[in-house]
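All remarks here apply to the structure that follows.
The values are calculated or read from the model by the stated rules, or taken from the named source; none is laboratory data. The structure presented is a predicted model; accordingly, all values stated were derived computationally and were not measured. Every residue, glycine among them, receives a Cβ derived from its backbone with ideal geometry; neighbour counts consider all protein chains shown.
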Amino acid sequence: MNGIAITSDSTCDLSVQQIRENEIGIMPLSVMLGDKSFRDGVDIVPADIFRFFEETGELPKTAAPSVKEYEDFFRPYVEAGETLIHFNISSKASGSNGFAQTAAKAFGGKVIVVDSHALSTGQGLLVMKACDLRKEGKSAEEIAETVNSLRDKVNTSFIPDTLLYLYKGGRCSTLSYYGAKVLSIHPMIAMKEGQLYPKKKYIGKMSRCLKNYVHDLAEEYPQYDRTRCFITHSNADAELVESAKQLVKELFSFDEVTETVAGSVITGHCGRNTIGVLFISK
C-alpha cells in the first residue's frame, strides 16, 4: 500500500480481522511455559497461560525476538521495495525495541522503528492510526512523525481483578497484594512515559470498580480522538465486558468501539479478568 508496510510486535493485541484488513505484519514475541517455547498469537493462547499457572503456580516467561530475527522479519519488506514502519511495545517494558532498532540499521533508512511507549491496544491504537494515515496517502516520514507525537496522548490503562499475577511477577509488593486481597482493592494501572504505575485505587466488587473506572476516564479526558476505542480484556467475564461497552457508549462518542482479547504476553503479566478502555486523548 503506497509502498509503505506497517508491522508490529504481537503485543499490539489487534484482532485477526484488523490485522488482515489492514495488511499488518506481526512479529511474535516468545512465551516460555517451563522449558517449552511458544510464539505469541501463533501456537499459544491465553487459556494455556491460565492452565500452566494453575498447575504449577509459576508465571510464563517472555522473550523478545533477537536482532537477527528482526532482520529476517524486516528483509522481505525491504526487498519488495517497501519502506517499513514497525511498532514495538514500550522500551521500558521489553528489550524488543532496542533489538528492532539495531536490526533496522542494516536497511539504510528503509525501516523506521517506533517505540510505542505503550502496550496491548495502546500500542494497537498507534498501529491503526498509522494505517489510517497510510490510506490518506501520507509518506512514511509523515506517518512516523505523527504517531510519535501521539504516543504520550494514548490512554493505556486497565484494572485487574486480582493482583496475583503482578505480585508473582515482581510488579507488586507482598503488602500491596495481601492488602488488596483483604480490602477488595482493584487499582487502575496506567502508563506514563512508557512505564506502568498504579494511578488510582477502587474498592469493592469488580463490576462497581469498572463503572467508576470508566466514569473517571470520561471525566479526565473530555477531549479525545473519536475515531476508535478498544475494550481489551484477558478472558474477562462476558457481563463485565458488556458493561464496559455500554458505559463507554453512554459516556463517550467514539465512531468505533472494538472488543479485543489480550494475547498471551500481556495476559501472562496481568491475569484473567483484567479489563481496560484504551483510546487517544487530545
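I'm trying to understand the selection: among the residues of region 1-41, which are among the aliphatic types (A, V, I, L, M) and in contact (Cβ under 8 Å) with a residue 24 or more places away in the chain? Reasoning before the result, please.
So in region 1-41, the residues among the aliphatic types (A, V, I, L, M) come out as 1, 4-6, 14, 16, 19, 24, 26-27, 29, 31-33.
Answer for region 1-41, where residues must be among the aliphatic types (A, V, I, L, M) and in contact (Cβ under 8 Å) with a residue 24 or more places away in the chain: MET1, ILE4, ALA5, ILE6, LEU14, ILE24, MET27, LEU29, VAL31, MET32, LEU33.
Condition check: within 19 Å of GLY25 (Cα to Cα) and without any contact (Cβ under 8 Å) to a residue 12 or more places away in the chain. Does GLU79 satisfy that?
So GLU79 fits the description; yes.
Restricting to region 220-250, give me the number of residues that are among the hydrophobic types (A, V, I, L, M, F, W, C) and part of a helix (DSSP H, G or I).
The total comes to 6.
Within region 22-34, does at least one residue satisfy the condition of being at pLDDT 95 or above and touching a Gly at 6+ places or on another chain (Cβ under 8 Å)?
Taking every residue of region 22-34 in turn, at least one turns out to be at pLDDT 95 or above and touching a Gly at 6+ places or on another chain (Cβ under 8 Å).
If you scan region 75-89, which residues turn out to be basic (Lys, Arg) and within 14 Å of ARG134 (Cβ to Cβ)?
none
Scanning region 132-157 for residues that are assigned to a helix (DSSP H, G or I) and among the small types (Gly, Ala, Ser), which turns out surrounded by the fewest Cβ atoms within 10 Å (Cβ to Cβ)?
Checking each candidate, the answer is SER149.
Residues that are surrounded by 13 or more Cβ atoms within 10 Å (Cβ to Cβ), more than 27 Å from ALA130 (Cβ to Cβ), assigned by TED's automatic domain parsing to the domain that holds THR258 and touching a Phe, Trp or Tyr at 6+ places or on another chain (Cβ under 6 Å): does region 203-211 have at least one?
Yes, region 203-211 has at least one match.
What about VAL127, is it in contact with a Phe, Trp or Tyr (Cβ under 7 Å, 6 or more places away or on another chain), under 18 Å from PHE254 (Cα atoms) and either modelled with pLDDT of 95 or more or surrounded by fewer than 17 Cβ atoms within 10 Å (Cβ to Cβ) (or both)?
Yes.
Given the criterion more than 22 Å from ASP48 (Cβ to Cβ), of a type outside the set (Gly, Ala, Ser) and buried (at least 17 other Cβ atoms within 10 Å of the Cβ), identify the matching residue among THR274, THR267, THR258.
Only one candidate qualifies: THR258.
Is it the case that region 224-243 has a residue that's in contact with a Pro (Cβ under 8 Å, 6 or more places away or on another chain) and not acidic (Asp, Glu)?
yes
Which ones in region 23-66 are in contact with a Phe, Trp or Tyr (Cβ under 9 Å, 6 or more places away or on another chain) and of a type in the set (Gly, Ala, Ser)?
GLY25, SER30, GLY34, ALA64, SER66 - these are the residues of region 23-66 that are in contact with a Phe, Trp or Tyr (Cβ under 9 Å, 6 or more places away or on another chain) and of a type in the set (Gly, Ala, Ser).
Any residue in region 42-54 that is more than 14 Å from ILE266 (Cβ to Cβ) sitting within a Cβ distance under 7 Å of a residue that is modelled with pLDDT under 85 and surrounded by 17 or more Cβ atoms within 10 Å (Cβ to Cβ)? List the pairs, counting only those 6 or more apart or interchain.
Here the result reads PHE53/LEU59, each pair linking region 42-54 to a residue that is modelled with pLDDT under 85 and surrounded by 17 or more Cβ atoms within 10 Å (Cβ to Cβ).
Got a sec? Which strands (runs of 3 or more DSSP E) wholly within region 1-119 have at least 2 residues that are of a type outside the set (A, V, I, L, M, F, W, C) and surrounded by 18 or more Cβ atoms within 10 Å (Cβ to Cβ)?
The qualifying strands (runs of 3 or more DSSP E) are 4-9, 83-88.
Any residue in region 136-163 that's of a type in the set (Ser, Thr, Tyr): show its pairings with residues that are surrounded by fewer than 23 Cβ atoms within 10 Å (Cβ to Cβ) and modelled with pLDDT under 95 at Cβ separation under 6 Å, as long as the two are six or more apart or on different chains.
Here the result reads SER157/MET188; SER157/ALA190, each pair linking region 136-163 to a residue that is surrounded by fewer than 23 Cβ atoms within 10 Å (Cβ to Cβ) and modelled with pLDDT under 95.
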